[in-house]
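One structure is given below, encoded as structure tokens.
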Amino acid sequence: MRAINNPNKACMNISIEKKIFSEAVYKVARFAERKSSTLPALSSILILAGDDGIKMRATNLETGIDLKLEGICMSEGVVAIPATLLQQIAGSLVGEGKITLEHSGDVISLTSGTSKSAIKTVPYDDFPSIPFPENPKKNILLPGVLLRTLFSSIAACASPSTIRPELASLYFAVEGGLLTVVATDSFRLAEKKVPLSNKGIQGTFLIPAKNALEIAQALPDGDVTISFDEHQCAFVSSQGMIVSRLTSAAYPDYRQIIPKDSIVEAVVLRKDFETALKRTTIFADSFQKVSLSFDPKRKHLVLFAKNSDIGESSESLSAQILGSDLNLSFNHRFLSTVFSLTTSESISLTAAGIGRPIIIKGVGDNSLLYLISPMNQ
Amino acid sequence: MLVLQIFRNKRIIESTMDKGNPRELWEYMLTQVELSISSANFNTWFRSSFVVKIGEDGVVYIGVPSQFFKDWYLKKFHTLLLKIIRDVSYEFRNIEYMIVKDERRKPMKETVSAGRGALELPLHEFYINKSDNLNPRYTFDTFVVGSFNDLAYSAAQVAIQRPGITYNPLFIYGDTGRGKTHLVQAIGNQYKKQYPGRKVYYLTSEKFVVDYTDAVQAGTANRFKDKYRQYDLLIMDDVQFLSKKDKTQEELFHLFNALHDTNKQIIFSSDRAPVAIPDIAERLKGRFSSGMAVDISEPDPESRMVIVRKKAALHGVILSDDVVEYVATTLTGSIRELEGMVNSIVCHAQVKGLAPDIAEVRQSLRSFTRPQKSISVKNVVGRVAEFYGINEESIYEKTRRREVVRPRQVIMYLLREDFRISYPSIGTKLGGRDHTTVIHSCEKIKREIVVDTSLAKEIQNIRSLLV
């Protein structure tokens, strides 16, 4: 029926390298709606062949992607195919060569090498348009690689619950040629600063952390322009565009919780700390508690964990410690997050006292600030 | 058929719908839209939208969750929706779409304006420093001194200035809700501030008992001893709960000696004087009163007014003098109840944005004052009869069956003890009995309660039913 309605779009015929096709499907499919209850078009990938080349689109109304593909377009057209099905097919493609997609009626036939399969298509009339920010006056330019690591490392610190949408989001603040990205789940907070090439832009926005993780998987390595307005942001690169809804809420003034004074500071080798933490963690109790003792006299940082069912373990690291004695307990998962946030060889821990948060930084890495609230002892 | 139904629907809705009400308008639009598009489409696009407002100029504002929706509405549903609202009334000229926040995101702004970081906010009120167990909320700044507690207050100050020497131990007692815990914790907090290097520990006697039994069970009694002996100031709240716990008392006795000999300050609190605590070893009693035992009596009206004013001011609400006086004189309970009342006034004030006047306070206090005990004899009889599972009528009869006699005596006892009804009138109300019978019954129960714990428990249960 669709074919009769749109006779000029009916007979799409394109040919794409298998590898490009698979990668594109892998990237795009994660943006499709996974719940089956909604519109069938939302759980589909839309393939467009037109004047500006071949494109794949998918959206779950939270995020959306519009990806350009290299390929040969023999004849123009539009078709929507269930994403999961396409994902399975893409996963089964092996070797070099091309895949040809040919659309006729409500069936599309995929030919690759000797295999040929026909898939029933989904009506694409219902497929929504991917919204670009309405008046994207604000643009920032960043390398995709950097953005990807930023997203995937920081997003882990955001709150997994959506009860407070602002805490389930990453906070982006652009000011004075510096991009600050913050995430907190109210137990710990990560702040990362990145210098920008284009100065003079100001603005803040909140992107849902869940969306950021998905976007991180699909970002290309090259330069990416981030455009944003009040409700929407877009990541535009030469290979296409990814959009996400923004959280419209006020972000708490997180700077107030960062302690300004300190009573003890320790610097340890990352390698030592990582292995010691890994070993001590085995003995952590059900609250995942690991305690840190600062011993400035003996220049030791002692990690201690005790589980009444298993036993206990303590490990002292030689460290450079300045200040007074202090003992604080933390959730070990929060402690180990720092290793994914910085690549520095040494790590500095600055404590402001009992019951107050500890600040962890990479030595020589001024971009990161990581803060953890201690557990009650 | 379908068409007919639409017509009918429309006519009904048009005749009853309030066109100016955004909710009703949206409901009507939904019924119309649902007929025109597929249900998957409807569920996807219309579930989370609503009419925000209807403008003066005939523009209907529809709130949608995101840009996706806005674009799609404009592209796909605009003509349909426009047609629907035009059918309702020609006053509606146009539809505009706006992206609105989720309802539940709105209140977040308030926490931000509170001026504190979100991280520390939840901790602040309830935060207890685990190394000394003290609640930082209790300080001398918030402690109201009046004639009822100035002796306790000065004793506390002396104990802080010359810890372990002048008044050791300091024993503070008074009825519940008089501010004992506040005072002893304030001492701890002040001590901590004044002597930064020294160790303070606050605990309730109940915690001490639990700690001790745990330590004995785990075979770490020595560690337990060491733990408590290291403190420079030990504060134990509610020591009256140590009664009958002989082993723990012994342990406390040794701990007391160890701390006292090394001139470490000890502070106790209790709801009664040391000598009046039942079932506690004599040697411990003697030690409790060996230092300084001061009581906190009932606050006088002036102090109560100061307390009310101070508590309200803490929450940033300034109450007028007549309101303060009214609250302080009406509630004759503990300071804790006073505080609860102030909290409810503060809550009112925060909701309304201004401090309540005397009339409003009187109104809200009405719910706060305790209901008068207006319980009839018949009611008591009914409850007790029900409790014992016997027929209510049999109470009034002349029968002397065992299962009836006991409940009857209990009823008499309760009417006399709790409701202060005279012996003769109890007699007449319970089927014309002589007042000497009633006296005998009451005395009997009174005697038996002392030895028979199960009876005492029964009566306790009945009392809770009668409240």
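The values are calculated or read from the model by the stated rules, or taken from the named source; none is laboratory data. As the structure is a prediction and not an experimental result, all values here were calculated from the model. So basically every Cβ, Gly included, is an ideal-geometry build from the backbone, and we count neighbours across all protein chains shown.
Summary of values
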{"quantity": "Which listed residue, of A:P131, A:P136, is within 33 Å of the chain's Cα centre (by Cα), buried (at least 19 other Cβ atoms within 10 Å of the Cβ) and at pLDDT below 90", "calculated": "A:P131"}
{"quantity": "Top-ranked residue in segment B:44-58 [being exposed (fewer than 14 other Cβ atoms within 10 Å of the Cβ) and over 43 Å from the mean Cα position of the chain (by Cα); ranked as farthest from A:D125 (Cα to Cα)]", "calculated": "B:E56"}
{"quantity": "Residue pairs meeting the criteria (Cβ under 6 Å; at least 6 apart or on separate chains; first more than 14 Å from chain A (Cβ to nearest Cβ), in segment B:20-44; second among the charged types (D, E, K, R) and in a loop (DSSP other than H, G, I, E, B))", "calculated": "B:E24/B:D18"}
{"quantity": "Test: A:V224 is under 21 Å from A:I154 (Cα atoms) and modelled with pLDDT of 90 or more", "calculated": "yes"}
{"quantity": "Some residue of segment A:88-103 being of a type in the set (A, V, I, L, M), surrounded by fewer than 20 Cβ atoms within 10 Å (Cβ to Cβ) and touching a Leu at 6+ places or on another chain (Cβ under 8 Å)", "calculated": "yes"}
{"quantity": "Residue satisfying all of: in segment B:316-331; surrounded by 13 or more Cβ atoms within 10 Å (Cβ to Cβ) and either among the small types (G, A, S) or part of a loop (DSSP other than H, G, I, E, B) (or both); modelled with the lowest pLDDT among these", "calculated": "B:L331"}
{"quantity": "Residue list for segment A:146-163, filter: within 11 Å of another protein chain (Cβ to nearest Cβ) and either in contact with a Ser or Thr (Cβ under 8 Å, 6 or more places away or on another chain) or under 19 Å from A:E214 (Cβ atoms) (or both)", "calculated": "A:S159, A:T162"}
{"quantity": "Single residue of A:F273, A:F339, A:F287, A:F294 found to be under 34 Å from the mean Cα position of the chain (by Cα) and within 15 Å of A:P374 (Cα to Cα)", "calculated": "A:F287"}
{"quantity": "Members of segment A:157-205 that are of a type in the set (D, E, K, R) and surrounded by fewer than 16 Cβ atoms within 10 Å (Cβ to Cβ)", "calculated": "A:E175, A:K193, A:K199"}
{"quantity": "Hits in segment A:230-243 - residues which are part of a loop (DSSP other than H, G, I, E, B), within 14 Å of chain B (Cβ to nearest Cβ) and touching a strand residue (DSSP E or B) at 6+ places or on another chain (Cβ under 7 Å)", "calculated": "A:H231"}
{"quantity": "Single condition A:E102 does not satisfy, out of (1) in contact (Cβ under 8 Å) with a residue 60 or more places away in the chain; (2) at positive phi", "calculated": "(2)"}
{"quantity": "Output for segment A:179-213, where each listed residue is at pLDDT below 90 and in contact with a Lys or Arg (Cβ under 7 Å, 6 or more places away or on another chain)", "calculated": "A:I201, A:G203"}
{"quantity": "Selection count where residues are assigned to a loop (DSSP other than H, G, I, E, B), buried (at least 18 other Cβ atoms within 10 Å of the Cβ) and out of contact with any strand residue (DSSP E or B) (no Cβ under 9 Å at 6 or more places or on another chain), scope segment B:279-303", "calculated": "2"}
{"quantity": "Members of segment A:244-270 found to be facing another protein chain (nearest Cβ under 8 Å), in contact (Cβ under 8 Å) with a residue 12 or more places away in the chain and not in a loop (DSSP other than H, G, I, E, B), listed by number", "calculated": "A:R245, A:Y254, A:I257"}
{"quantity": "Test: residue in segment A:320-335 that is within 14 Å of chain B (Cβ to nearest Cβ), surrounded by fewer than 22 Cβ atoms within 10 Å (Cβ to Cβ) and part of a loop (DSSP other than H, G, I, E, B)", "calculated": "yes"}
{"quantity": "Wholly within segment B:59-167, helices (runs of 4 or more DSSP H) carrying at least 3 residues that are modelled with pLDDT of 85 or more, away from every other protein chain (no Cβ under 14 Å) and buried (at least 17 other Cβ atoms within 10 Å of the Cβ)", "calculated": "B:78-88, B:150-161"}
{"quantity": "Count of segment B:168-178 residues which are at pLDDT 85 or above and either surrounded by fewer than 22 Cβ atoms within 10 Å (Cβ to Cβ) or in a loop (DSSP other than H, G, I, E, B) (or both)", "calculated": "2"}
